[in-house]
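Structure record follows, encoded as structure tokens.
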Amino acid sequence: MKRFFDLTFRPFFVLTGAGTALASFNAFWPQWAVETLEKIAFIQAYTIIVQHWGMMVGLMGVFMIVAAFRAEWRKPILIYSAVEKAYLGT
């Protein structure tokens, strides 16, 4: 079982990190991302929240890709991801 994780960890983190990094569209093009990708109504008053979320999650994706190649980054990134998801789930 350990061999399976050793073989699949890097491609898994690169693919899921790339998908997660796509959230950065919200940081740079909030109206387009909300209306086109997420298919919900854009509310101008929430722009800063959408941009903050996009930057936070987008950077998480970039860090996941880095963690695929740097073992010392893995534990902090996994902890940060768990905390972030627990916070967003409340």
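The values are calculated or read from the model by the stated rules, or taken from the named source; none is laboratory data. Predicted model only: the values in this text are computed from it and were never measured. Glycine also receives a Cβ, built like all others from the backbone with ideal geometry; neighbour counts cover every protein chain displayed. Heavy atoms of the whole protein, side chains included, go into the accessibility calculation; ligands, DNA and RNA do not. Shrake-Rupley method; radii C 1.70, N 1.55, O 1.52, S 1.80 Å.
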Residue count, the range 37-53, condition closer than 25 Å to Ile77 by Cβ and in a helix (DSSP H, G or I), comes to 6
Subset of the range 54-72, residues charged (D, E, K, R) and part of a helix (DSSP H, G or I), comes to Glu72
Filter the range 5-36 for residues that are part of a helix (DSSP H, G or I) and aromatic (Phe, Trp, Tyr); the one that is farthest from Arg74 (Cα to Cα) is Trp32
Are any of the residues in the range 66-80 out of contact with any Asp or Glu (no Cβ under 7 Å at 6 or more places or on another chain), of a type in the set (Ser, Thr, Tyr) and open to solvent by less than 90 Å² (accessible area, probe 1.4 Å)? no
